[in-house]
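Written out below as structure tokens is the structure these notes cover.
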Amino acid sequence: MTINDHLMTDTSSPLTDRWFYALVAVGVFLNATGLFPPVMELDGALYACIAKQMAQTGDFVNLYAVGTDWLDKPHFPFWVIALSYRIFGINTFSYKFPALLFFLGSVVYTYQFTRLTYSKLTAQVASLVLLTAFHGVLSNSDVRAEPYLMPLIIGPVYHFYRVFGGDRYAISSRYGISEGNLHLLAGSLLTGCALMTKGVFVLIPIGAGLVLHWLLTGHWHELLKLRWYAAIVLSFAFTLPEIYCLYQQFDLHPEKVIFGETGVSGIRFFFWDSQFGRFFNTGPIKGEGDKFFFVHTLLWAFIPWSLPYTSALASG
């Protein structure tokens, strides 16, 4: 069954548009309440200051914290915040507003993606759950990377699934190229932005669901199609601004002392130490680790939907 066939056979009873949009408005208001309280310590204030220096100096290449070179997170959120500062001035609203827009974009993408394979009611519930889950609301007050990362993960999943779903043969009258290629390009662009937000591990949530779906539904031959390898190449091509900035700030200056050492490569940190190094606890940034981190984090982050989630998981 194609995507369009599924949509035509949707016989569930969705919420009326009036109720749905009213609940969405309540959810948007709930998240917007975080726009004006002071920026939280420690990470939120640190990120705000890094973007502030970027906006004031016009230097969008180097990241500095407390007057020193800063190599921890990639550039993309700081670019967005710095541009917001340039438009709205340097204040709390300017710091948080773009994050709220990105978060709301993830809600829209969640609705659209769910609508591809499930009923309208399921899409409505999924978007309302995301809109009201505690961690999302908290993230729009304590703004860090999460609100930016959310649409940059579900967005590529949506666009790549559209390619897989058969839209690649439709022709866009506006651009003169197939819609499938447009979706492939959009998915790759968003994946590149996700890489410039969190690092290479974002490829796991973006790609794992698609690959598992192909394997479980007998579409394993998708793994042999060149378009997915083109998407990988394009995704890393869109990451080149990050690579350039890291090279300019760190790899060209091995004399800089970073993490108490000289000769630190920003590119190596981006591709290995910031992700694999933390996962294996072998990089310059170490922690004690918690084997049950994702278990208890999911329980509190998903409030008030933690009990329905665990019940559905157990029954499914």
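A short reminder: the numbers here are calculations on the coordinates, not readings from a lab. Note that this is a predicted model, so its numbers are computed, not measured. Because the Cβ atoms are built from the backbone with ideal geometry, glycine has one as well, and the counts that use them run over all protein chains shown.
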Give me Rg/Rg_expected for the chain, where Rg uses Cα atoms only and Rg_expected = 2.2 N^0.38 Å with N residues. 1.07
Using only the alpha carbons, work out the radius of gyration and Dmax of segment 22-63 in angstrom. 15.0, 44
Residues V163, V137 arranged by fewest to most Cβ contacts within 10 Å: V137, V163
Could you order peptides 225-231, 59-65 by the average number of other Cβ atoms within 10 Å of their residues, highest first? 59-65, 225-231
Measure up K52/K73; K96/K256; K96/K198 against 26 Å on the Cα-Cα distance and list the ones that go over. K96/K256
Per-residue HN-Hα couplings for segment 229-235 [Karplus 6.51, -1.76, 1.60; θ = phi - 60°; Hz; x = Gly/Pro]: 6, 5, 5, 5, 4, 4, 4
Theoretical gain in end-to-end length, V28 to V200 [0.36 nm per residue, Cα-Cα removed]: 58.9 nm
Arrange E146, E255 by Cβ neighbour counts within 10 Å, fewest through most, would you? E255, E146
Label-to-label distance, nm, for residues given as T16 and E255 (7 Å Cα→Cβ offset): 7.3 nm
Using modelled backbone amide H atoms (1.01 Å from N, in-plane), which distant-in-sequence or interchain residues come within less than 5 Å of I258's amide H? V264
Quick query: amide H of S178 versus all other amide H atoms, modeled in the peptide plane; which residues come in under 5 Å with a sequence gap of 5 or more or a different chain? S172
If R0 = 25 Å, then F294 and H219, at their Cβ-Cβ distance, give a FRET efficiency to the nearest 0.05 of 0.30
Per residue, the convex hull enclosing the alpha carbons of segment 183-251 has a volume in Å³ of 85 Å³
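Over all directions, how big on average is the projection of the convex hull of the alpha-carbon atoms in segment 110-171, in square nanometres? Please list the in-between numbers first.
Values: hull surface 19.4 nm².
Averaged projected hull area, Cα only: 4.9 nm².
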Each residue of segment 180-187 in turn: what ³J(HN,Hα) in whole Hz from Karplus with 6.51, -1.76, 1.60 and θ = phi - 60°, glycine and Pro shown as x? x, 5, 5, 5, 4, 5, 5, x
Cα-projected label distance for A314 with R86, points at 7 Å along beta-carbon direction, nm: 5.3 nm
Work out the FRET efficiency for V233 and F276 from their Cβ-Cβ distance, taking R0 = 25 Å, and round it to the nearest 0.05. 0.75
Taking the dipole about the Cα centre of the chain, with the C-beta of Lys and Arg at +1 and of Asp and Glu at -1, give me whichever of V137, L246, G187 is farthest to the positive side. G187
How large is ³J(HN,Hα), in whole Hz, for each residue of segment 156-164 in order, when computed from phi with the Karplus curve 6.51 cos²θ - 1.76 cosθ + 1.60 and θ = phi - 60°, using x for Gly and Pro? x, 4, 4, 5, 5, 5, 5, 4, 5
How do the peptides 72-82, 125-135 rank, highest first, by the average count of neighbouring beta carbon atoms within 10 Å per residue? 72-82, 125-135
So, R0 is 22 Å and r is the distance between the beta-carbons of S178 and L212; what FRET efficiency does that work out to, to 0.05? 0.25
